Each structure stands twice: as C-alpha cells, then as structure tokens.
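Participant: The structure's right below; bear with me while I get my questions together.
The values are calculated or read from the model by the stated rules, or taken from the named source; none is laboratory data. In this text the structure is predicted, and so the values were computed from the model without any measurement. Heads up, the Cβs are rebuilt from the backbone with ideal geometry, glycines too, and the neighbour counts pull from every protein chain shown.
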Amino acid sequence: MRFIGNKERLLDWIFSVLIDNNIEGEVFFDFFSGTSNVGKFFKEKNYKIVSSDLLYFSYVLQRAYIQNNSYPSFHKVILSIDIKSKSLFADNYELLIEYLNNLKGYEGFIFQNYAPSKTQELEKPRMYFTDENAKKIDAIRLKIEEWKENNLINEDEYFILLATLIERVGFFANILGVYGAFKKDWDARALKPFLLKPIKIITSEKEHFVYNKLNRV
C-alpha cells in the first residue's frame with residue numbers, strides 16, 4: 001500500500017537494531033500502525049503484537065493481519081451465493097474474490113464523490129478513479145456490508161474482506177501518494193479494470209491485541 005510513513009523498507013533494519021543491541025522480549029508494541037507492515041513483520045517473527053492507530057482504515061488492516069490468526073472459512077456466505085468458478089482448486093476465500101470481482105458496478109459514495117462523471121459541476125471534475133472503477137469499488141464495499149448485516153460472515157471474515165478491498169484500491173487510484181489531490185491526467189494503472197486479490201493471512205498461536213483511538217475493541 002502507498003502510504004506516507006510506510007516503514008516497509010526499514011523492517012530488516014529495525015529488526016537488526018534489536019538483534020545488534022541484544023534487545024530481547026516476547027511482545028512488540030506498534031503504536032502508530034498505519035499499514036500494519038511493522039506488526040505483520042514481527043508477528044511472523046513470533047512476537048506477540050499490540051498495535052494501535054487513530055485511523056480506522058489502519059484498524060481494519062490490524063484486525064485482518066494482526067488480531068486474526070487463522071484462515072477464514074467463509075462457509076455461510078459461500079452457501080448463500082451462486083459461484084461459477086473457472087478454477088478447480090480455489091478455496092472459499094479465492095471463490096469470494098472471484099465473485100466480488102464479477103459484480104456489476106454500483107453508483108454509490110465513491111462514484112458520486114471521487115469519479116469525474118458525478119463531479120462535473122466542479123471547476124476540475126475529480127479524477128481519483130475512473131467511473132467504472134469507482135462503481136466497482138462501491139459494489140464490492142456494499143456487498144461486503146450486506147453480508148455482514150445478514151450474518152453471512154463473522155467479524156474476522158468481515159475485516160479480512162475489507163482489508164482485501166483497502167489494499168487494492170491504491171493500485172487503481174489516480175494519485176501520486178495521498179488522496180489530498182489527484183493527477184490531472186490519467187495514470188496508466190488507474191485506467192486498468194479494478195480487481196481484488198487475496199491478502200496474506202498470518203497464522204499464529206499467540207493472542208494479539210489491536211486498538212483504534214483510545215479504546216480496545
């Protein structure tokens with residue numbers, strides 16, 4: 001994910017500082033989690049993770065990567081939908097990704113506010129996403145919420161699907177780094193059809209804790 005302050009390139013260096021200075025322990029605190037890359041790295045090193053961030057999108061990523069410790073079954077929602085998969089070996093998560101990728105676009109919040117067709121009244125219509133990609137993002141987001149409201153997915157499955165969507169949006173956004181501004185011409189990647197891909201699930205036998213704002217959830 002493109003995000004200012006992302007420490008992905010510093011992870012090996014951070015770990016080497018701990019080793020070189022003989023800093024030992026079993027718990028790693030990640031107080032400004034952001035993309036959760038630091039927490040993910042140290043979870044895979046078998047640390048118990050406690051992480052937090054004020055941003056809700058970060059909390060979503062923390063729930064999916066840090067607090068969640070197992071592969072989702074998606075059993076109930078799979079039974080509720082008609083999936084004609086092209087793959088003989090796809091698991092339930094991959095089947096849902098395929099289903100979501102084939103949804104018809106919907107003119108929702110993202111389309112209404114971040115795509116050019118519905119912002120023509122502005123001096124410069126917004127070009128964060130193409131019309132079609134904005135509608136696809138809306139359709140996927142609303143379908144995930146619908147499944148949650150109908151108790152077809154549990155909380156872990158819900159946050160995994162939200163994280164899956166969040167992780168992919170940046171690859172199709174017509175921005176340089178943040179959503180404070182959009183490019184005035186279309187970036188080649190923004191013109192590609194929006195597609196989800198599965199995120200990496202990190203299994204663990206330890207209990208991990210994630211926070212949003214000042215409250216543990």
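Participant: Of the conditions (1) at pLDDT 95 or above; (2) charged (D, E, K, R); (3) in a loop (DSSP other than H, G, I, E, B), Lys124 clears all except one; give me its number.
Facilitator: For Lys124, the exception is condition (1).
Participant: May I ask you to say which residue of Tyr71, Tyr93 is in a loop (DSSP other than H, G, I, E, B) and either surrounded by fewer than 15 Cβ atoms within 10 Å (Cβ to Cβ) or not assigned by TED's automatic domain parsing to the domain that holds Phe209 (or both)?
Facilitator: Matching residue, one of Tyr71, Tyr93: Tyr71.
Participant: Pairs needed: first member in segment 53-74, among the basic types (Lys, Arg); second member anywhere, assigned to a loop (DSSP other than H, G, I, E, B) and buried (at least 21 other Cβ atoms within 10 Å of the Cβ); C-beta distance under 7 Å; at least 6 residues apart or different chains.
Facilitator: Every condition considered, no pair remains.
Participant: Here is a further query. Quick check: anything in segment 183-195 closer than 21 Å to Tyr65 by Cα, without any contact (Cβ under 8 Å) to a residue 24 or more places away in the chain and within 18 Å of the chain's Cα centre (by Cα)?
Facilitator: no
Participant: Pick out the one residue from Lys84, Lys118 that is basic (Lys, Arg), surrounded by 15 or more Cβ atoms within 10 Å (Cβ to Cβ), outside the structural domain of Val38 (by TED's automatic domain parsing) and free of Cβ contacts under 8 Å to residues at least 24 places away in the same chain.
Facilitator: Lys118
Participant: Please work out if Leu79 is part of a helix (DSSP H, G or I), more than 23 Å from Lys206 (Cβ to Cβ), in the same structural domain as Trp186 (by TED's automatic domain parsing) and at pLDDT below 95.
Facilitator: When the stated conditions are applied, Leu79 passes them.
Participant: Is there a residue in segment 105-112 that is free of Cβ contacts under 8 Å to residues at least 40 places away in the same chain, in a helix (DSSP H, G or I) and outside the structural domain of Asn174 (by TED's automatic domain parsing)?
Facilitator: no
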